[in-house]
Amino acid sequence: MAASDGPLKGVKVLDLSRILAGPTCTQLLGDLGANVIKIENPATGGDDTRQWGPPYVEDSEGNRSDLSAYFMSANRNKKSVAVDIATPEGQAAIRRLAGHADILIENFKPGGLAKYGLDYDSLRGDLPGLVYCSISGYGQTGPNSAKPGYDLMAQGYGGIMSLTGEPEGAPMKVGVGIADVMCGMYAAVGILAALRHRDLTGEGQQIDLALVDAQVAWLINEGVNYLTSGQVPQRRGNGHPNIVPYDVYETADGHVILAVGNDSQFKRFCDYLDLFHLSEDARFATNPARLEHRDALNAELRPAMRTRVTAEVIEGLETLRVPVGPVRTLDQVFASDQVAARQMQIAMRAAPGEVQLIGNPLNLSRTPVTYRHAPPTFGADTEAVLSSENPFED
């Protein structure tokens with residue numbers, strides 16, 4: 001709970017966002033040392049995700065708090081302030097806080113804050129140095145700008161669901177809200193770039209970030225595969241579009257992941273399975289050939305893999321420097337020595353009691369991340385912040 005000495009020490013963030021994309025961004029900024037004030041609507045009981053449970057944190061008497069696991073995943077290192085922006089008093093409070101802030105982030109529908117006088121155009125005259133980040137489903141412009149945006153909609157509209165799932169199955173979303181999370185990451189990058197510009201010139205700006213745009217951007221190789229070839233990619237389950245074998249394979253007692261990235265690794269892999277002839281077969285000798293004959297190769301590999309136990313495969317292939325790994329459940333993940341060594345599970349003292357959270361993966365040698373404030377209960381800091389002459393003081 002010590003004061004921040006992080007790289008963003010002294011940076012003040014006014015967070016009008018909710019759900020996941022915006023809160024992911026502001027939690028990251030907070031971990032890096034920024035002081036974040038989260039505005040929550042008293043008419044709804046705060047951020048929607050406070051009600052997205054179970055599970056919830058319970059107090060010592062077993063009473064349910066408003067700290068759902070979902071809310072806690074993206075809301076540490078923030079203060080919670082209850083403000084009704086539909087009232088003149090609430091609007092005045094937000095304008096006062098914005099006057100102290102370096103950054104304002106919001107995820108209302110485009111134009112939604114204009115009626116309260118809290119949109120970028122309404123604030124920039126008095127606050128020319130403000131970095132104002134607007135996150136929406138489809139962006140501030142374009143034919144779909146008025147439509148609401150949610151992670152599942154973005155995954156469908158932006159194409160990732162068409163690539164995810166078994167070939168014969170239905171389109172499948174990723175198991176977590178990855179479109180939201182990646183949008184939050186892009187928001188953090190954009191904000192830091194705009195902050196750099198502001199520090200050099202004194203000039204703030206608006207960042208217009210769309211959930212769908214961000215999702216299209218991280219189609220990465222599959223997106224460019226299509227743009228290059230004109231061929232619509234098909235679902236391949238766990239298979240890779242450009243590398244073979246790169247997939248999940250069944251073993252005698254479970255599954256393993258193989259990621260054979262070059263021809264020398266493939267030869268060592270075939271030798272391990274006593275399938276020496278495969279690496280000499282012209283159909284499989286190079287990665288382009290293996291891609292062309294994917295099904296024929298897997299018809300040889302899958303029966304052979306099913307004769308070996310998982311631990312034996314992992315040990316044997318690691319010895320041969322062939323990329324291989326397990327498919328772990330979350331209990332195995334968080335019980336691992338690797339997670340402990342990298343401090344990817346942390347404990348914090350919240351109002352109802354101790355909570356377990358996922359750590360920040362950034363390891364900065366001179367300015368490490370800090371965990372100063374546990375996820376707050378709704379409105380916990382309202383009086384202290386709104387009555388302070390220095391509302392962003394840590």
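The values are calculated or read from the model by the stated rules, or taken from the named source; none is laboratory data. The structure displayed is predicted, hence computed values, not measured ones. Reconstructed Cβ throughout: ideal geometry from the backbone, glycine too, with neighbour counts over all protein chains shown. Side chains included, ligands, DNA and RNA excluded: accessible areas come from the protein's heavy atoms. Shrake-Rupley method; radii C 1.70, N 1.55, O 1.52, S 1.80 Å.
Summary table
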read-out: Point-charge dipole on Cβ atoms (K/R +1, D/E -1) for the stretch 148-230, about Cα centre, debye to 20; value: 160 debye
read-out: Surface share of carbon and sulfur [accessible, 1.4 angstrom probe, percent] for the chain; value: 54 percent
read-out: Globularity ratio of the chain, using Cα Rg and 2.2 N^0.38 Å; value: 1.16
read-out: Karplus 3J(HN,Hα) series, Hz, for the stretch 248-257 with 6.51 cos²θ - 1.76 cosθ + 1.60 (x for Gly, Pro); value: 9, 10, 6, 10, 5, 10, x, 9, 9, 9
read-out: Cα-based helix-to-principal-axis angle, 220-229 vs the chain, degrees rounded to 10; value: 60 degrees
read-out: Simple Cβ-charge dipole of the chain, Lys/Arg +1 and Asp/Glu -1, about Cα centre, in debye nearest 20; value: 480 debye
read-out: Rounded, prolate or oblate (a/c below 1.5 giving rounded, otherwise prolate when a/b exceeds b/c) for the stretch 1-98 by Cα gyration tensor; value: oblate
read-out: Sequence of Asp208, Asp337, Asp102 when ordered by accessible area, the most exposed leading, probe 1.4 angstrom; value: Asp337, Asp208, Asp102
read-out: Tilt relative to the chain, helix 21-31 - C-alpha long axis, 0 to 90 degrees, to 10; value: 80 degrees
read-out: Violating pairs (Cα-Cα greater than 30 angstrom) within the set Lys78/Lys109; Lys38/Lys115; Lys147/Lys173; Lys9/Lys147; Lys12/Lys173; Lys38/Lys147; value: Lys9/Lys147; Lys12/Lys173
read-out: Largest to smallest accessible area among Tyr116, Tyr186, Tyr157 [probe 1.4 Å]; value: Tyr157, Tyr186, Tyr116
read-out: Area accessible to solvent at Arg236, 1.4 Å probe radius, in Å²; value: 80 Å²
read-out: Å² of accessible area per residue within the stretch 24-81, as computed with a 1.4 Å probe and no ligands counted; value: 36 Å²
read-out: Alpha-carbon centroids, the stretch 254-309 and the stretch 91-107: separation in whole Å; value: 58 Å
read-out: Helix axis angle, 263-272 relative to the chain longest principal axis, alpha carbon, degrees; value: 60 degrees
read-out: Mean accessible surface per residue for the stretch 230-336, computed with a 1.4 Å probe while every protein chain stays in place, in Å²; value: 54 Å²
read-out: By accessible area with a 1.4 Å probe, ligands and nucleic acids excluded, highest first: order of Asp84, Asp126; value: Asp126, Asp84
read-out: Computed accessible area, Met153, all protein chains, 1.4 angstrom probe, square angstrom; value: 110 Å²
read-out: Per residue convex hull volume, Cα atoms of the stretch 67-191, in Å³; value: 144 Å³
read-out: At most 16 other Cβ within 10 Å, DSSP loop - GluC sites (Glu not before Pro), the stretch 1-103; value: Glu61
read-out: Cα gyration tensor shape for the stretch 243-384, rounded if a/c is under 1.5, else prolate or oblate; value: prolate
